[in-house]
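See below for the structure under consideration.
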Amino acid sequence: MSLDITQINNELNGKSPEEIVLWAIAQGGKSVVTTNFRPYEGAILHVCTQVKPSIDVIWCDTGYNTPNTYRHAEDLIQLLKLKVDLYVPKQTTAHRDIVLGIPDVDDEKHKLFTEQVKLEPFKRAMDFHKPTIWFTNLRKGQTVFRDSIDIVSQGKDGVLKISPFYHWSDAELDSYLETHQIPNEFKYFDPTKVLANRECGLHS
């Protein structure tokens, strides 16, 4: 779809997350929401399922999540009645720990590690679902790349990436989760990023 992204963002700026999701769904086509159940993911999952309860939720599980994250994921799945489509790496974590481990970010093997645990499962998921609308919880201030986009951005593949909480602060998200009684969990680990302000590869 060919759209004036700048104009769209100007029009959506100041709209509520629910209004943004409603606008995106109205564009038609297949919509999905991706999650890794990191902190504040309950917000994007809540607003998307409030508008479209049957939306497909893609979870690419690296296999390296904390016990807290897995328990949190189960809590949100039950609470929000999420329709989760789980994607995992083709190699087990135990096998990879022996032959590769978790390479340091400066190690040349880190690229292979990221491809195996995150990029390949994600590509497999997107190839299967073929969405035209992709909801995610990217926010301004997270990474340099994310500062360069907006509520709505469009990839080279034409997919519209929608970030309803793009301009929201942690404090505002805390209030949102409290208002809607959605749990949050901060003990999260992403083996492909190491640093919180490092891009993981899915969005850049």
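Coordinate-derived values only; no laboratory data. Model, not experiment: these values are computed from the prediction. Glycine also receives a Cβ, built like all others from the backbone with ideal geometry; neighbour counts cover every protein chain displayed.
If you take every DSSP beta bridge fully contained in the chain, what fraction is antiparallel? Give it as a percent rounded to 5. Let's see the in-between values first.
On the way: 3 of 18 bridges.
Antiparallel bridges: around 15 percent, rounded to the nearest 5.
So what's the angle, to the nearest 10 degrees on a 0 to 90 scale, between helix 67-80 and the longest Cα principal axis of the chain?
30 degrees
Please turn the phi angles of the range 105-116 into ³J(HN,Hα) values with the Karplus equation 6.51 cos²θ - 1.76 cosθ + 1.60 (θ = phi - 60°), one per residue in order, whole Hz, x for glycine and proline.
Along the range 105-116, the couplings run 4, 8, 6, 4, 7, 4, 4, 5, 4, 4, 4, 5 Hz.
So for the chain, averaging the separation of alpha carbon pairs under 8 Å that are six or more residues apart and normalising by length, what relative contact order in percent results?
29 percent
Kirkwood hydrodynamic radius, computed over distinct alpha-carbon pairs, for the range 5-179: how many Å, to one decimal?
It works out to 17.3 Å.
Cross-link list 52/161; 130/187; 52/193; 81/193; 156/193: which exceed 27 angstrom alpha carbon to alpha carbon?
Going by Cα-Cα distance, 130/187; 52/193; 81/193 fall outside the 27 Å limit.
Could you tell me which residue out of 65, 94, 179 lies farthest along the dipole of the chain toward its positive end? Charges go on the beta carbon: Lys and Arg +1, Asp and Glu -1, centred on the Cα centre.
Looking along the dipole axis, the top candidate is 94.
At a threshold of 8 angstrom on Cα-Cα distance, excluding pairs fewer than six apart, so keeping six or more, what relative contact order does the range 1-97 reach in percent?
26 percent
Enumerate the aspartates and glutamates that residue 118 could reach by cross-link, defined here as Cα to Cα under 18 Å, with residues fewer than 8 away along the same chain left out.
Residue 118 reaches 41, 61, 85, 97, 104, 106, 107, 108, 127, 190, 199.
Can you give the Kirkwood hydrodynamic radius for the range 90-178, in Å, rounded to one decimal and based on Cα pairs?
Across the range 90-178, the inverse of the average 1/r is 15.7 Å.
Using Cα-Cα distances under 8 Å and only pairs 6 or more residues apart, what relative contact order does the range 64-138 have, in percent?
Computed value for the range 64-138: 28 percent relative contact order.
Please list, by residue number, every one of the GluC sites (Glu not before Pro) in the range 1-109 that is coil in DSSP and has at most 12 other beta-carbon atoms within 10 Å.
Passing both the DSSP loop test and the Cβ count: 108.
Report the charge-dipole magnitude of the chain in Debye, nearest 20, computed about the Cα centre from +1 at each Lys and Arg Cβ and -1 at each Asp and Glu Cβ.
Its charge dipole is roughly 480 debye.
How far, in degrees from 0 to 90, does helix 120-129 lean away from the longest principal axis of the Cα atoms of the chain, to the nearest 10?
40 degrees
Quick query: amide H of residue 58 versus all other amide H atoms, modeled in the peptide plane; which residues come in under 5 Å with a sequence gap of 5 or more or a different chain?
Counting only residues 5 or more places away or on other chains, the set is 33, 34, 35, 85.
In degrees from 0 to 90, rounded to the nearest 10, what is the angle of the helix 170-179 Cα long axis to the longest principal axis of the chain?
70 degrees
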